[in-house]
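Okay, so here's the structure we're looking at.
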């Protein structure tokens, strides 16, 4: 009874203490409270915080305010013995002054602001920026302008103590951001029907030193999907390399091409297998001679279960191999092991290539970019045994296939073209 009575008294004291603290107030981008003490200002996960809570400010006994970016916050007062949360205020909304009379101005392709300070000019994802924000310009204390390509931007002024966003101006339009956005579809395959698409054929070769043979029987179509598999057939690992019959893809001097592969990689589980959508220039020594004018190899996605939350993008030209591993789960919350389809794509003109997953730009390349109109679309399931890519010890592919599948699925492939070159594609 003594312990229960003590808890009841403590509970009563806690309730009384929770009514003893005044409500936090908001002025511009600053949250304030009237009494000093240990306060935490927290931002929920949905607003950019970490899974539990991100402490925007964690003051000690002398703090009475916190400057924060626009958003919805939670304020907690800590204290007592034992140490605990004494009171919590949820849904504290901060909407800083949005008056644009002293905000950025646009002249031609230059964004300017009236007073110096630390400014960021940012381009949203849909306009070519990275998943959170891509800093086109990140000025220091002496910068008052930034010259940018056509597009829609956001300008943020940073400062304060603690450091944070003091003001944000959205939808700063420069030039004509839609002038280069009109694509026309020039190729599409949805893989309907039960026979392999007439727009593709089995490649008459397979890469040497791989533990696979190439056979049309490892390709199948059903329910509007193309399936590429590796199967144990006798002592062979039988797989399927498909290439498009159209073999004259390339941007030339004046156009931009967009290749999109809608693919599900989640059922490629046998270690040693890898599933890819790529482009390759056929004929002569193209793609292997190091001369970009004769074409090159561009890997839009290469997925292997040895690193099942990542995939590879690459440019190969002769001895040049420009690779970048993409980790979409870590960077964008895209889990490739889930049974879902994702759009892997590349936009390509004579100056650069930009690689995407589900609209997120993940890689850009301005080196060894070929404009040659002699590339073809490849859809392949490959496999190795022993050491894969000179990196991973995958063991026996044959044994792995006995316990795990290796089937890549394609919903559709399409190619679009526009008769212009976006100078900001790889900017």
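Numbers below:
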read-out	value
Count - residues of the range 298-344 that are touching a strand residue (DSSP E or B) at 6+ places or on another chain (Cβ under 8 Å) and either assigned to a strand (DSSP E or B) or surrounded by fewer than 22 Cβ atoms within 10 Å (Cβ to Cβ) (or both)	32
Some residue of the range 402-425 being touching a strand residue (DSSP E or B) at 6+ places or on another chain (Cβ under 8 Å), touching a residue at least 12 places away in the same chain (Cβ under 8 Å) and assigned to a helix (DSSP H, G or I)	yes
The range 387-399 - residue that is touching a residue at least 12 places away in the same chain (Cβ under 8 Å) and assigned to a strand (DSSP E or B) and, of those, farthest from residue 325 (Cα to Cα)	395
Residues (farther than 16 Å from residue 114 by Cβ, touching a residue at least 24 places away in the same chain (Cβ under 8 Å) and more than 25 Å from the chain's Cα centre (by Cα)) located in the range 159-173	160, 161, 162
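Read-outs throughout are calculated quantities, based only on the coordinates presented, and are distinct from any laboratory measurement. What you see is a predicted model; the values in this text were computed from it and never measured. FYI the Cβ positions are ideal-geometry reconstructions off the backbone, even for glycines, and counts take in every protein chain you see.
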